[in-house]
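Encoded as C-alpha cells, here's the structure I'll be asking about.
The values are calculated or read from the model by the stated rules, or taken from the named source; none is laboratory data. Since we're looking at a predicted model, the values are computed, not measured. Every residue, glycine among them, receives a Cβ derived from its backbone with ideal geometry; neighbour counts consider all protein chains shown. For the accessible areas, the whole protein counts, side chains as well, though only heavy atoms, and no ligand, DNA or RNA atoms are used. Shrake-Rupley method; radii C 1.70, N 1.55, O 1.52, S 1.80 Å.
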Amino acid sequence: MYQSPDPLHPTARPANPGAAPSDTLPKRVEVVVVGGGFGGLCMAIKLKEAGITDFVVLEKADEVGGTWRDNHYPGAACDVQSHMYSFSFATQPNWTKRYAPWHEIQQYILDVTKQYGIRAYTRFGREVVGARFDEATGLWTIKASTGETIQCRHWVLATGPLHVPAIPNIKGLDSFKGKVMHSAQWDHGYDLAGKRVVSIGTGGSAIQYVPEIAPKVKQLHVFQRSAAWVIPRDERKYSELRKKIFAALPITRTLHRWRLYWTNESRVWPIFNPPLARIGEKLLKKWIAYQVKDPALAKKLTPDYTLGCKRILISNKWYPTFNRPNVELVTDGIREVTENGIVTKDGKLREADCIILGTGFVVDPRIYMRDFEMVGRGGHTLAKDWAKSPTSYLGISTAGYPNFHQLVGPHTGLGHNSIIFMIEQQADYIVKCIRLLKAKGADYLDVKPQAQADFLANVTRNLKGTVWSTGCKSWYQTADGINFAIWPKSTWKYWLACRNVKVENYDWVRCAAQPQAAGTAGKFSGQARATA
C-alpha cells in the first residue's frame, strides 16, 4: 500500500546548521514569499539587497531546499552544469563535478541561506492554502495550513512546478502488500538488496536511479510508457588545481559561467529548426544501437518523436543498464496491481517486493492548486481564469491578481539552459515593480488583460515551427495539448523583456480606503520606468 514516507529522512541530508524554530507569524508585512527553494531564496536575497526587509518566507517543510531537499534518490543529480545551476551573485569554486549531485546542490542552498541571513526571515511548517485580495485596502490575506493568516502588500509564489509528486491512478495500487515509494519520497531505510523491484516511468528521475539500484536488486522490471531521448553526460571532475584557481580568481568563475551560458544557448538552433534536430536523432539512434546489445530492445528504447519535443535527459549509464540479465524493459500497459505484483494487459504477472514510482510531478498548477483558494480583484478566481490554460504576463504578473508575482510561472520554463538564470531576471523584475509602486504612491499594480493577451499571442506565435510543435505529448502541455510551460526563445531575449517595467501595461491604483492627498484617487499612469 502506498504511504508517503518522510521525504526528509535524516540519512539523506547533508550537514546543515539546523532549522530555526517556526516562530509565530507577524500580523502584517510588506512582502510574503511562498517557498524556500531556489526561487524563494533568490527573491529574499534580492529584497534584502533592495533595502526591503519587511518580508517573510513561508516554507511548508522543516528545511529550505525545495526540489533538492526532497529528491535524494540514488544517483540524483542536476542536468544543468554546476557553475550555471547556481546564482550569478553567489558563485562558488568547490563544485566537484561538471554536473553536481543533489547533496552538493542542497548544501549550496544551505550555505547561501546562511551567507545572506535568510533563515531569520523564514517560517517553517507553513504550507500556504489560500490567498484573498481586498480591493478596499490593496492588501492580500495569506492563509497557512496551521490556520494562521498574515496580511501583505505583495506576495510572491516561488514554489516552482516540481514539488507535488504525481502518484499514478493504477487499479489495485493500494492493495499491494510490499513497499511502494515515489522517487521524490525515497525511503533510505528500505534495503533493496536482493529484492524484486518494479520501477514505473522512464523520465528524469528513473534514468538516474535505475542504473544505481540495478546491481543491488535481484530482478528489476522497468515499465516504460514512452521512450526518452537520453544523451551522454560529461562526468569529468574539476581538478584540485582548477578549484584553487576558481577560489583565488573569482573572475575565472565568471568567465566559465559565460562560456557555459553561451554553449547552452547554442542549443536553441535545433530547437527552432526541427530538421537540425532530426540530424541529432540519427546520431543518437546509432549511439543507442551501440550501447544496447539487443537490437529489438534498442528499438524499444528509441523514441518515436522529434528530439527536444519532450525533455532531453542525460546519462552515461541508462542504456547499458538494459544489458544486465536482471533488468527487463516492459512496454506493455499495466492492467492492475495485485497484492504481490503487477499484471500487464497481456495477463502476465510480474511478482515484486517493491514498486518505485518514477512518475515525476504534477506540473499543471490548475491541478496542484485546485484546492488552493485564491480570490483576486473583482472576485476573480484562479481556477476560473486558468480554466483553459495557465497564463501570465512574462510568467510573473497575472491579470486580476494585483501585487501577486510568480517565479517560474507559465511560459518561462526552459529546454536548453539554466532556470536559475530566469529566476534571477524575474526576482529583479519583481523588485522593480515593488519600488515603482511605492514611487508612484499607489497601493497596487495590476497587469492589463490586453498586455497579458498580447504576451500570450507572442509566445504562441514563437512556438510554431519549433520542436515543441511537432506533435508529441509532454508535461509542458495541458491535457488538451496547450504548451503553457515553455519559453520559446533565447534566454537573453527574456532578460531584455525584464530589464524595464513597462508601466503602460499595468493599472496603478490607489485605494479609496487609504490615506491620500486630495485629487490623487484612482488609476495612475506615466512613462517612467523602474531601474535596477
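Show T113, T67 ordered by accessible area, largest first, where the area counts protein heavy atoms only and the probe is 1.4 Å.
In descending accessible area the options line up as T67, T113.
Enumerate by residue number the trypsin sites (Lys or Arg not before Pro) in region 250-336 meeting two conditions: DSSP loop (anything except H, G, I, E, B), and at most 12 other Cβ atoms within 10 Å of the site's Cβ. Could you put the intermediate results ahead of the total?
Numbers: sites: R253, R257, R259, R267, R278, K282, K285, K286, K293, K299, K300, K310, R311, K317, R335; in loops: R267, K293, K310, R311, K317.
Here the trypsin sites (Lys or Arg not before Pro) that fit, given the DSSP loop and packing criteria, are K293.
By how many nm would the segment from K171 to K243 lengthen if fully extended, with 0.36 nm per residue of separation less the alpha-carbon distance? Could the numbers behind the result be given before it?
Numbers: separation 72, 0.36 × 72 = 25.92 nm, distance 5.16 nm.
Working it through step by step, the gained length comes to 20.8 nm.
Let me ask something additional. Could you check the simple spin-label distance between R311 and D234, using points 7 Å along Cα→Cβ, in nm with one decimal?
2.1
How much length is gained if the chain between L496 and L283 is pulled fully straight, taking 0.36 nm per residue apart and subtracting their Cα-Cα distance, in nm to one decimal?
73.2 nm
I've got another one for you. Apply the a/c threshold of 1.5 to the C-alpha gyration tensor of region 468-510 and tell me whether it is rounded, prolate or oblate.
Oblate shape, in that a/c is at least 1.5 and b/c is the bigger or equal ratio.
Also, I was wondering about something else. Considering the values [x] 1.15; [y] 1.00; [z] 0.89, which represents Cα Rg over 2.2 N^0.38 Å as calculated for the structure under consideration?
[y]
Roughly how many nanometres apart are two label points built 7 Å out from the Cα toward the Cβ at T338 and Q450?
Between T338 and Q450, the label points sit 6.5 nm apart.
Normalised by the number of residues in region 127-280, what is the relative contact order in percent for Cα pairs under 8 Å and 6+ residues apart?
Once divided by the residue count of region 127-280, the mean separation gives 11 percent.
For K179, give me every one of the aspartates and glutamates with a C-alpha distance below 17 angstrom, ignoring sequence neighbours fewer than eight places off in its own chain.
Of all the aspartates and glutamates, those that pass the test against K179 - Cα under 17 Å, at least 8 places apart if same chain - are D6, D187, D191, E336, E339, E351, D353.
Now, a different point. How do V222, V362 rank by accessible surface area computed with a 1.4 Å probe, from largest to smallest? List each step's numbers first, then the result.
Values: V222 0, V362 30 Å².
Descending accessible area places them as V362, V222.
Place a point 7 Å from the Cα of E351 along the Cα-to-Cβ direction; which residues of region 207-232 have their backbone N under 16 Å from it?
Counting backbone N atoms under 16 Å from the label point, the list is 218-221.
Okay, next question. What whole-number value in cubic angstrom gives the convex hull volume per residue for the C-alpha atoms of region 340-455?
Considering the Cα atoms of region 340-455, their hull volume per residue is 187 Å³.
Sort by residue number and report every cysteine in the chain with no other cysteine beta carbon within a distance under 4.7 Å.
C42, C78, C152, C354, C433, C498, C511
Normalised by the residues of region 76-186, what does the relative contact order come to in percent, with Cα pairs under 8 Å and at least six apart?
Values: 79 pairs, mean separation 14.3, N = 111.
Contact order relative to length: 13 percent.
Could you give the angle, 0 to 90 degrees to the nearest 10, between helix 449-463's Cα long axis and the longest principal axis of the Cα atoms of the chain?
Between the helix axis and the principal axis of the chain, the angle is about 30 degrees.
Just the number, please: percent antiparallel of the DSSP beta bridges in the chain, rounded to the nearest 5.
Restricted to the chain, the bridges split so that about 45 percent are antiparallel.
Calculate how steeply helix 102-115 sits against the longest principal axis of the alpha-carbon atoms of the chain, using the helix alpha-carbon long axis, and give the answer as 0 to 90 degrees to the nearest 10.
20
In addition: Past 19 Å, Cα to Cα: identify those pairs from K97/K285; K97/K282; K171/K348; K384/K502, in the order given.
The answer is K97/K285; K97/K282; K384/K502.
Roughly how tilted is helix 250-265, in degrees to the nearest 10 and between 0 and 90, from the longest Cα axis of the chain?
Tilt relative to the chain: about 70 degrees.
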